[in-house]
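Participant: Dumping the structure here so I can ask a few things about it.
The values are calculated or read from the model by the stated rules, or taken from the named source; none is laboratory data. What you are looking at is a predicted structure, and each value in this text was computed from that prediction instead of being measured. When we count neighbours, we look across all protein chains shown, and the Cβ atoms used for this are built from the backbone with ideal geometry, even at glycine.
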Amino acid sequence: MKKIQGLPFVFMLFSLAIVPSFSHAAKKRGPIIVGIGGGYSFFLDSGLKTYEVYHSKLIYFSEQLNLMNTFNLYVQYFPWRGFGFQLEFDHQRASYNSDLKWYGHPESDGKIIEINHIEEPFKETWSLSSIPASILYTLTLRYNEKIRPYISAGIGYYFTSGDEERFYYRTRLGPEKSGNIVKLGLGAKYQITPKIGINFRGVGGTVWRREYGFNEILYRGPEQFDYLIYAETGKIVRAERLFVNSFTYLGIILSLEYTF
């Protein structure tokens, strides 16, 4: 995990090192583009969309995590024709629905410890934000120079926000609030005027957490929460073995660009 955490730093140093050489080699300074826009994202992993478990006299629990609208801001610099760099900020709003009725906890000897923790269904808001640095490659179509398809790939940091007890402790995302992200993009730019353009793209991001893996959560037994923590503090804390190691999402973003 320590190696993964150092990747964004190494990537940024590499970018800073090669940008001056590209600029020196270019006949003239490449364009600087600022873009602002929004879109919509969704989880690709089915294990993060809906989850429900029911055991008579033990537990009823259902939850649903959804990504929603996205705000995106970026700066692009093209030292060579068709080849550039991007630094962006992406903020995604999200929701978490939960319904918990925890009746009892099974012991190894077959006995049931009565709990009777009954909650009203509730909905919490949270967010997933990221700051990735990417490399871009664009193509200019001969039959229409105003349209420029492109691809991008980058790495960076992500951080989440949400209520401590009603989201972080109980959700399958676990208590980690920040980490690393790998982001890919495929899109097309349309130049309305020499200064103003539109950028439409599809993006995919993978958030790396405690260890590698794209595993989904298959366990649906009654022991969803840590009983010892609940007995000591009264807090509902998800069993650690039910935290996801990583997750992937997809989205679409439409942006307005200005070229300096």
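Participant: So, residue 155, is that one surrounded by 14 or more Cβ atoms within 10 Å (Cβ to Cβ), over 30 Å from residue 85 (Cβ atoms) and either at pLDDT 95 or above or touching a Ser or Thr at 6+ places or on another chain (Cβ under 6 Å) (or both) or not?
Facilitator: The answer is no for residue 155.
Participant: Something else now. Of all residues in the range 233-252 being in contact (Cβ under 8 Å) with a residue 40 or more places away in the chain and part of a helix (DSSP H, G or I), which is surrounded by the most Cβ atoms within 10 Å (Cβ to Cβ)?
Facilitator: First, the residues of the range 233-252 that are in contact (Cβ under 8 Å) with a residue 40 or more places away in the chain: 235-238, 240, 242-244, 246-252.
Checking the rest, the ones that are also part of a helix (DSSP H, G or I) come to 240, 242.
Values: 240: 10, 242: 20.
It comes out as 242.
Participant: Could you please let me know if residue 110 is within 28 Å of the chain's Cα centre (by Cα) and over 21 Å from residue 40 (Cβ atoms)?
Facilitator: Here the answer is no, as residue 110 does not meet what is asked.
Participant: Taking the range 27-73, which residues are under 22 Å from residue 128 (Cβ atoms) and among the aliphatic types (A, V, I, L, M)?
Facilitator: Across the range 27-73, the qualifying residues are 36, 44, 48, 65, 67, 68, 73.
Participant: State the number of residues belonging to the range 123-139 that are more than 30 Å from residue 98 (Cα to Cα) and more than 17 Å from the chain's Cα centre (by Cα).
Facilitator: 5
Participant: Let me ask something additional. Any residue at all in the range 82-94 that is in contact with a Gly (Cβ under 7 Å, 6 or more places away or on another chain), within 23 Å of residue 126 (Cβ to Cβ) and at pLDDT 95 or above?
Facilitator: The answer is no, given that none of the residues of the range 82-94 is in contact with a Gly (Cβ under 7 Å, 6 or more places away or on another chain), within 23 Å of residue 126 (Cβ to Cβ) and at pLDDT 95 or above.
Participant: While we're here: If I go through the range 125-154 residue by residue, how many of them are of a type in the set (A, V, I, L, M), touching a residue at least 40 places away in the same chain (Cβ under 8 Å) and part of a strand (DSSP E or B)?
Facilitator: Residues flagged as of a type in the set (A, V, I, L, M), touching a residue at least 40 places away in the same chain (Cβ under 8 Å) and part of a strand (DSSP E or B) within the range 125-154 amount to 6.
Participant: Of the numbered conditions (1) touching a strand residue (DSSP E or B) at 6+ places or on another chain (Cβ under 6 Å); (2) more than 20 Å from residue 227 (Cα to Cα), residue 176 fails exactly one; give the number of that condition.
Facilitator: Failed condition: (1).
Participant: Tally time: how many residues in the range 167-206 are among the aliphatic types (A, V, I, L, M) and assigned to a loop (DSSP other than H, G, I, E, B)?
Facilitator: Residues in the range 167-206 being among the aliphatic types (A, V, I, L, M) and assigned to a loop (DSSP other than H, G, I, E, B): 2 in total.
Participant: So, one more: Hey, among the residues in the range 216-260 that are under 18 Å from the mean Cα position of the chain (by Cα) and hydroxyl-bearing (Ser, Thr, Tyr), which one's nearest to residue 101 (Cα to Cα)?
Facilitator: Out of the qualifying residues, it is 246.
Participant: Considering the range 168-195 alone, what residues qualify as being modelled with pLDDT of 95 or more and either charged (D, E, K, R) or farther than 19 Å from residue 141 by Cβ (or both)?
Facilitator: 181, 182, 183, 184, 189, 195 - these are the residues of the range 168-195 that are modelled with pLDDT of 95 or more and either charged (D, E, K, R) or farther than 19 Å from residue 141 by Cβ (or both).
Participant: Are any residues in the range 106-127 surrounded by 14 or more Cβ atoms within 10 Å (Cβ to Cβ) and modelled with pLDDT under 95, and if so, which ones? Before you say what the answer is, go through the steps one by one.
Facilitator: The initial filter retains those residues of the range 106-127 that are surrounded by 14 or more Cβ atoms within 10 Å (Cβ to Cβ), namely 106, 115, 117, 124, 126-127.
The one that is surrounded by 14 or more Cβ atoms within 10 Å (Cβ to Cβ) and modelled with pLDDT under 95: 106.
Participant: Being among the charged types (D, E, K, R) and over 22 Å from residue 42 (Cβ atoms) is true for just one of 124, 119. Which residue is that?
Facilitator: 119
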